[in-house]
Each structure stands twice: as C-alpha cells, then as structure tokens.
Amino acid sequence: MATAVEQERKIIEGSMAVAEIVKRCRPQVVSAYPITPQTHIVEDLSQFVADGEMECEFINCESEFSAISICLGASATGSRVYTATSSQGLLLMTEVLFNVSGLRLPIVLTCANRAVSSPLSIWNDQQDSIALRDAGWMQFYAEDNQEVADLHLQAYKIAEDHRVLLPAMVCMDGFILTHAFEPVELPAQEAADAFLPAYDPLVKLDPEQPVTMGAFADPNYYMETRWHLEYAMSQAHAVIEEVATEFEQTFGRPGLHVIEEYRTEGAETIILGLGSMMSAVKDTVDELRDEGEAVGAIKLRCYRPFPEKRLIEALQGVKRVAVMEKDISLGKGGAVCTDLRAALYDLPERPAVTGFVVGLGGRDIANHTVRACYQRTKQGSGENVWVEMREDLLEPEMVQAWKQQWE
C-alpha cells in the first residue's frame, strides 16, 4: 500500500502537528481566537506567517464569533480558509456555523474537544462538537495525532469537492492529543500539493460576476435549502471513501474510512466509540480476546454524515453493542447511542445496544472502565448507563437510582 511519496517523521506535539499539516494545505486566510486547549495550534500558525514560511493572511480578532465570521467572508470570496477553537468558543460560533453550512462554504475547523460550562472545566470530553451535530458540518474524530494530521488533508479535499461543498470539523481530544508528543509522519509540500490541489470554488462573490449568497428565503424556498444540505451530506459518503482510498494509495496509511473495525471477526459483542479512548478500547479487546471472550471494536471516524449503512454491515451477526461516548444529550442519553439505535431499528434481527456515558469533564477512561462496560453489556441491554460515578458527590436517592441502573 505504501508509496515513494516523500514524508518527514517528527516527534511532535499534537497541536504542532495540526499547524504543520494546515500549513501544507495552503489556506489563504486563517482567523482564530485562542482558547485552551486549542491555543498552540493558532500560535504556531501565526508564527509560520510571521516568519514567512506560510503565504497566508492571519487575522487577529476579538472573539470566536468574529473569527468564524471572518472565515465565512473569506471563504465566500473564493479563499481556502481555516480556523480552530474549543468548548465555549465553538458554542459562541454557533450562529455563524449554521450560516457557513447554509452557504455551502468548505471551511475546515479544528475542534480541540473540551467540556462545556457550567461548572467550568478545561478538561476533555466531546460535548462541544456533539452539541453541534445538527449544524450541517461534517464531523471527523481522531484517535491519535497521526490520524489528526491525516484527517485535515483529507477534510479539505472532501469539503471542497463540488459534490459536497460542506464545511468540515476535525475533532481531537483536548490535552490528551493536543498536548501529547508522538511520532507523526508529515507529507512533503509537493506531495501535499499533488493530493490537495488549489481550491476551485463553484460559486464565489466577484464584482465581475455578481451573485446573491445567503438571501432571504420565505416558506416557498426555505425547505428546499435544507434538502440541498441533506442531499450533500448523503453524497459525502461516497466522496469520503474515494478520498480515503486515494490517501492510502498515496501515503501508505489508513485513510478516512468512516469506520474502522478491530478484531471483529467472530465477535458476539462490539465496543463502539470515537476519539482517543479507542486506544484503551483496543487494548482491552486484546486482553479479553486472550481470555477467550468473543469481543471486537468499531471506531467511528465519521459522525456526520452518520455512516448508517456501514455500521449495519459491520454489525451483522453481532449480539450486543456497547456504545461508549464522552457526551450526554440530557434527558435521552448519549447522542451516538441514540443514533445507532435508530439506524438498527428496522432490522429483523438487531443487536442489543447499551449506551455508556464515560469520561465527562476529563475523567479517566482506563482499561478497567472498558472492561466494566463490556461486562455490563453481557448482562443486559437497553439502558443508558453513567459509568464510575463518585457516590460521595451524590444524594442517597441518586446513588440508589444509579446503582439500579448499573446493576
């Protein structure tokens, strides 16, 4: 699978790996506001621009709302655009994020996943990006920093494809990845240019060829605009797979296939999740396999568009699924679990799905956490379970309710 494409191997911080790959993507405009744990990304990019290593307009602004608004305007005029944010910063962008997708602008945004207030937390979970799942942005989640870098290069190519023209969010777990040093292979600029050609906008604001963008839509028109976005999301499935295959053939590493199956052959139980915790999941699967347990794992790389067909194919013959996720749709359970249950609902023989809320606010997800979720899944199904709660921080009736749910 590997080719002779020139690449450079560095032991590098996750945030710097993002800055390095974004530089190779040649954005013409970068605008961002610093927020922990995203700050290192834009600091490094601004240094590249200041040192003359990157031909780009780096625009300082006063808030995340301003940053994404600047990106919208730059993208509308035909520029390749980049931004990054986290947590409250992403939520401050919300209004404009919907505008960006409605205008079909292929902006790429890095979300350094972090818990949202209140109470204040700077540690990792995925509540911020999951809360924006309906904003019309594609969402890709990385397990490690090599995958983080690779996803950005592919995200631009997918987003700018004229069959898609949707913005993309590359999500990396805050601190766990952003501040971790790992070996990362980065393509030479020539290789990146060959894989990702210059942006060719289908429509842009140009005084020589005037167009109207983001116009007022009364009830005779608005519904069709939403259908266009839904159709573009459906078209993205095929484009994602095409780009993933091309990436593999070019760089010799796994591409952005919407899911990754791990030791699923003969598995009766599957543990499904997304992001950095999948490393612990895979380690635990190896341990359980050594003990004779029929268990495997599925990593969800792409959450939007939701890869319903691929998941149905991968779960054929499976008896049980444990969905572990670092988010909560309050009043309903984990968002990924809810989506998976809906996708499997019409199957005549569908696996039992148990949802596990884990790691909120940066709580550790260790092998024993994964093992506990696996054992609970074997006992029953249909629950939405909060894992490893501190009983000393709950009222007695709450402890009783949690224990009933868990047991």
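Here are the numbers for this structure:
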item: Condition met for residue 147 (assigned to a loop (DSSP other than H, G, I, E, B), within 20 Å of residue 299 (Cα to Cα), modelled with pLDDT of 95 or more and in the same structural domain as residue 63 (by TED's automatic domain parsing)); result: no
item: Only one of 276, 234 that is at pLDDT 95 or above, assigned by TED's automatic domain parsing to the domain that holds residue 151 and among the polar types (S, T, N, Q); result: 234
item: Residue list for segment 223-241, restricted to those being without any contact (Cβ under 8 Å) to a residue 40 or more places away in the chain and within 15 Å of residue 301 (Cβ to Cβ); result: 241
item: Odd one out for residue 21 among (1) over 18 Å from residue 91 (Cβ atoms); (2) of a type in the set (A, V, I, L, M); (3) without any contact (Cβ under 8 Å) to a residue 60 or more places away in the chain; result: (3)
item: Pair list, Cβ under 7 Å, 6 or more apart: segment 176-190 residue within 26 Å of residue 363 (Cα to Cα), other residue surrounded by 15 or more Cβ atoms within 10 Å (Cβ to Cβ) and β-branched (Val, Ile, Thr); result: 177/148; 181/12
item: The one condition in (1) of a type in the set (A, V, I, L, M, F, W, C); (2) within 19 Å of the chain's Cα centre (by Cα); (3) in a loop (DSSP other than H, G, I, E, B) that residue 324 fails to fulfil; result: (3)
item: Count of residues meeting criterion [of a type in the set (Phe, Trp, Tyr) and over 21 Å from residue 372 (Cα atoms)] in segment 393-407; result: 0
item: Verdict on residue 33 being in contact with a Gly (Cβ under 7 Å, 6 or more places away or on another chain) and either assigned to a helix (DSSP H, G or I) or buried (at least 21 other Cβ atoms within 10 Å of the Cβ) (or both); result: yes
item: Answer residue from segment 87-130, given it is under 14 Å from residue 361 (Cβ atoms) and among the hydroxyl-bearing types (Ser, Thr, Tyr) and is surrounded by the most Cβ atoms within 10 Å (Cβ to Cβ) among those; result: 87
item: Total residues in segment 361-378, condition over 22 Å from residue 404 (Cβ atoms) and either surrounded by 19 or more Cβ atoms within 10 Å (Cβ to Cβ) or of a type in the set (Val, Ile, Thr) (or both); result: 2
item: Segment 103-119, residues that are part of a loop (DSSP other than H, G, I, E, B) and within 17 Å of the chain's Cα centre (by Cα); result: 106, 107, 114, 115, 116
item: Scope segment 340-383; condition assigned to a helix (DSSP H, G or I), under 25 Å from the mean Cα position of the chain (by Cα) and among the charged types (D, E, K, R); matching residues; result: 341, 371
item: Residue 43 in contact (Cβ under 8 Å) with a residue 60 or more places away in the chain, not in a loop (DSSP other than H, G, I, E, B) and not hydrophobic (A, V, I, L, M, F, W, C); result: no
item: Subset of segment 351-407 [in contact with a Ser or Thr (Cβ under 8 Å, 6 or more places away or on another chain) and of a type in the set (Lys, Arg)]; result: 371, 376, 378
item: Of all residues in segment 62-89 being hydroxyl-bearing (Ser, Thr, Tyr) and closer than 17 Å to residue 110 by Cβ, the one that is farthest from the chain's Cα centre (by Cα); result: 75
item: Evaluation of residue 347 against (1) of a type in the set (A, V, I, L, M, F, W, C); (2) modelled with pLDDT under 95; (3) in contact with a Ser or Thr (Cβ under 7 Å, 6 or more places away or on another chain) (one fails), failing number; result: (3)
item: Pick from segment 205-227, criterion assigned to a helix (DSSP H, G or I) and among the aromatic types (Phe, Trp, Tyr), ranking: farthest from residue 134 (Cα to Cα); result: 222
item: Flag if residue 333 is more than 15 Å from the chain's Cα centre (by Cα), modelled with pLDDT under 95 and surrounded by 15 or more Cβ atoms within 10 Å (Cβ to Cβ); result: yes
item: Residue in segment 385-403 that is surrounded by fewer than 13 Cβ atoms within 10 Å (Cβ to Cβ) and among the polar types (S, T, N, Q) present; result: yes
item: One residue from 249, 316 being closer than 26 Å to residue 149 by Cα and either at pLDDT 95 or above or not hydroxyl-bearing (Ser, Thr, Tyr) (or both); result: 249
item: Candidates 202, 256, 186 - the one that is part of a loop (DSSP other than H, G, I, E, B) and surrounded by 15 or more Cβ atoms within 10 Å (Cβ to Cβ); result: 256
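The values are calculated or read from the model by the stated rules, or taken from the named source; none is laboratory data. Given the structure is predicted, the values throughout are model-derived calculations rather than measurements. All Cβ positions, even for glycine, are placed from backbone atoms using ideal geometry, and neighbour counts span all protein chains on display.
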